[in-house]
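Trainee: Take this structure first; my questions come after.
Read-outs: derived from the displayed coordinates by stated rules, not from any lab. What you see is a predicted model; the values in this text were computed from it and never measured. When we count neighbours, we look across all protein chains shown, and the Cβ atoms used for this are built from the backbone with ideal geometry, even at glycine.
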Amino acid sequence: MPYKVTVDRDRCRGFACCTRIEPKVFQLDEEGKSTVVAPQGASDRMLLLAAEECPTEAINIVDEESGKRVWPRPQWV
Ligand code: SF4
């Protein structure tokens, strides 16, 4: 179940929860916004955990096989 992860820069507030959980995948850029530097750098489970911990729901995850959104959960948006 390969996940594709992206960060919505407009929603990111730089709280860095994601970078603490998965520093290989997420890094803060010069504007203090999270960017995805290694999309395959973590397991799907850990990507989901990082997304769940983001207080602004700035991390989006899509299941590449099905094309369905995994996070934020569809019913929450
Ligand atoms: S946890 Fe969310 S708000 Fe914080 S840096 Fe990561 S994406 Fe941005």
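Trainee: Treating only the Cβ atoms of Lys and Arg (+1) and Asp and Glu (-1) as charged, compute the dipole magnitude of region 3-76 about its Cα centre; round to the nearest 20 debye.
Mentor: I would put it at about 100 debye.
Trainee: Let a ≥ b ≥ c be the square roots of the eigenvalues of the Cα gyration tensor of the chain; is it rounded (a/c under 1.5), or, if not, prolate (a/b larger than b/c) or oblate?
Mentor: Judged from the Cα gyration tensor, the chain comes out oblate (a/c at least 1.5, b/c at or above a/b).
Trainee: Want the number for Met46 to Glu31: 0.36 nm per residue separation, take away the alpha-carbon distance, what's left?
Mentor: Using 0.36 nm per residue and subtracting the Cα-Cα distance, I get 2.9 nm.
Trainee: Reachable lysines from Lys33, Cα under 18 Å, same-chain residues fewer than 8 places away excluded?
Mentor: Correct list for Lys33: Lys24.
Trainee: Given the -39500 (n - 2.57) contribution per DSSP H run of 4+ residues, what per-residue ellipticity at 222 nm results for the chain, rounded to the nearest 500 deg cm²/dmol?
Mentor: Theoretical 222 nm ellipticity from helices: -5000 deg cm²/dmol.
Trainee: Now a separate question. In percent, how large is the relative contact order of the chain, given Cα pairs closer than 8 Å and 6 or more residues apart?
Mentor: Relative contact order comes out at 36 percent.
Trainee: Take Lys68, project a point 7 Å from its Cα along the Cβ direction, then tell me which residues of region 1-21 have their backbone nitrogen under 19 Å from it.
Mentor: What the label zone holds, given the 19 Å backbone N cut-off, is 1-6.
Trainee: Under 12 Å from the Cα of Lys4, which aspartates and glutamates turn up, not counting those fewer than eight places away in the same chain?
Mentor: Here the aspartates and glutamates satisfying the reach criterion relative to Lys4 are Asp44, Asp63, Glu64, Glu65.
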